[in-house]
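The values are calculated or read from the model by the stated rules, or taken from the named source; none is laboratory data. Model, not experiment: these values are computed from the prediction. A quick note on method: Cβ atoms are made from the backbone with ideal geometry, for glycine too, and the neighbour counts reach across all protein chains shown. What goes into the accessible areas is simple: the full protein's heavy atoms, side chains included, and nothing from ligands, DNA or RNA. Shrake-Rupley method; radii C 1.70, N 1.55, O 1.52, S 1.80 Å.
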Amino acid sequence: MSLGERLPARRDDDPFMNAAMGIAARWGEALGPEKLEVALKALEPELKREHQFRLRRLEAKEAEAERQAAAAQAEAERAAREVIEKRHHMHRIATLVAGMVASLAMLGGGLYIAPHNAWLAAGLCGPSLLALVKIFVLQRSDDGDMRAAERTARDAANAASASSAGPPVV
């Protein structure tokens, strides 16, 4: 290919590369091969600097995009954590209210029935009430609580059956 002939246009999608090839072809025509080689060698450090600058700018954009993605992820996790905490708080308040209502109902029933049936009142106001309050307020239950409530209920049932049988026959 002689200097008089034009280089074929490249079919790249990159407009910068097409422009560079056009400029190189015009320089080759105007300067000649020796001067073009010297000009290109002088231009090479500038092109390297521009390339490094573009790479660093691209890396900075990628790092910024990663930071933004991490911040968005952290924000989403924080929002999800807040929703979970809010639900947990509402559940805790609901169980406390339910425990309070059930405890007041048992205490009121025990006080209402106390003049007529002391053993049933003791069953309602004794260890079973304490076990129920412990379940709702502390949200835990021990075997000892259940055994005490069962023992009180059994004693109340035994006392009720003994008192309904009438006085002992002598």
query: With all protein chains present, how much of the accessible area of the range 1-139 (probe radius 1.4 Å) comes from carbon and sulfur, to the nearest whole percent?
result: 65
message: Just to be sure I understand: with springs between alpha-carbon atoms less than 10 Å apart, which residue in Gly144, Gly110, Gly22 has the highest mean-square fluctuation in the Gaussian network model of the chain?
response: Gly22
task: Over the chain, calculate the relative contact order: mean separation of alpha carbon pairs under 8 Å at least 6 apart, over the residue count, as a percent.
output: 13
query: Once you sort the root eigenvalues of the Cα gyration tensor of the chain as a ≥ b ≥ c, which label holds: rounded (a/c under 1.5), prolate (a/b larger than b/c) or oblate (the other case)?
result: prolate
- prompt: What whole-number value in Å² describes the accessible area per residue of the chain for a 1.4 Å probe?
  reply: 79
task: Pull out the extension gain between Arg151 and Glu46, defined as 0.36 nm times the separation in residues minus the alpha carbon to alpha carbon distance; nm, one decimal.
output: 28.4 nm
- line: For the chain, the longest principal axis of the Cα atoms and the Cα long axis of helix 15-31 enclose an angle in degrees, to the nearest 10, of 20
- prompt: Assuming R0 = 45 Å, what is the FRET efficiency of Arg26 and Ala76, from their Cβ-Cβ distance, to the nearest 0.05?
  reply: 0.25
- line: If the chain between Leu36 and Glu66 were fully extended at 0.36 nm per residue, the gain over the current Cα-Cα distance would be 6.5 nm
